[in-house]
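Structure first, then comments.
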Amino acid sequence: MKPLTKAEEDIMKILWDLGEGNVASIVEKFPDPKPANNTVSTIVRILENKEFVDYRREGRGHIYLSLIHISEP
């Protein structure tokens, strides 16, 4: 499994909390100052390439979901 950067890990944690969401809903969960939508979109695409995240089309956008799930002890 490929390691995650801090930014990738932050987005994965948000997706785990949300279950699924679009870029705007991910950005909304960040504390201020929030990252730009383009930044989050780029990181989500990287996570998609690493096979941590998948998406489904909804209208003109994408809804992202985690392919990797955490289990707590």
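The values are calculated or read from the model by the stated rules, or taken from the named source; none is laboratory data. Since the structure is predicted, the reported quantities are computational estimates derived from the model, not experimental observations. With ideal geometry, Cβ positions are generated from the backbone for all residues, glycine too; neighbour counts draw on all protein chains shown. Just the protein is used for accessible areas: all its heavy atoms, side chains included, with ligands, DNA and RNA removed. Shrake-Rupley method; radii C 1.70, N 1.55, O 1.52, S 1.80 Å.
Here are some notes:
- Largest accessible area first, the listed residues His62, His69 line up as His69, His62 when surface is computed with a 1.4 Å probe on the assembled protein chains.
- Listed by chain and number, the lysines whose alpha-carbon sits under 20 Å from that of Lys29, ignoring those within fewer than 8 places in the same chain, are Lys6, Lys13.
- Listed by chain and number, the aspartates and glutamates whose C-alpha is less than 16 Å from the C-alpha of Lys50, apart from same-chain residues fewer than 8 away, are Glu8, Glu9, Asp10.
- Dipole magnitude of the chain about its Cα centre (Cβ charges: Lys, Arg +1; Asp, Glu -1), debye to nearest 20: 260
- If you take all other residues with their beta carbon under 13 Å from the beta carbon of Lys29, and give Lys and Arg +1 and Asp and Glu -1, the sum is -3.
- Oblate is the label for the stretch 18-73. Its Cα gyration tensor axes, ordered a ≥ b ≥ c, give a/c of at least 1.5 and b/c at or above a/b.
- Mean separation of Cα contacts under 8 Å (6+ apart) over length of the chain, as relative contact order %: 33
- Length gained when the stretch Glu48-Ala36 is fully extended (0.36 nm per residue, less Cα-Cα span): 2.5 nm
- The string of couplings for the stretch 52-69 from the Karplus curve (6.51, -1.76, 1.60, θ = phi - 60°) is 9, 9, 10, 8, 10, 6, 9, x, 8, x, 10, 10, 9, 9, 7, 8, 10, 10 Hz, one whole number per residue in order, with x for Gly and Pro.
- Taking other residues whose beta carbon is less than 15 angstrom from the beta carbon of Ala7, and scoring Lys, Arg as +1 and Asp, Glu as -1, yields +3.
- Using the Cβ of Ile43 as centre and a radius below 11 Å, the other residues enclosed give a net charge of -1, where K and R count +1 and D and E count -1.
- Segment Leu67-Lys13, extension gain: residue separation times 0.36 nm, minus the distance between their alpha carbons: 18.2 nm
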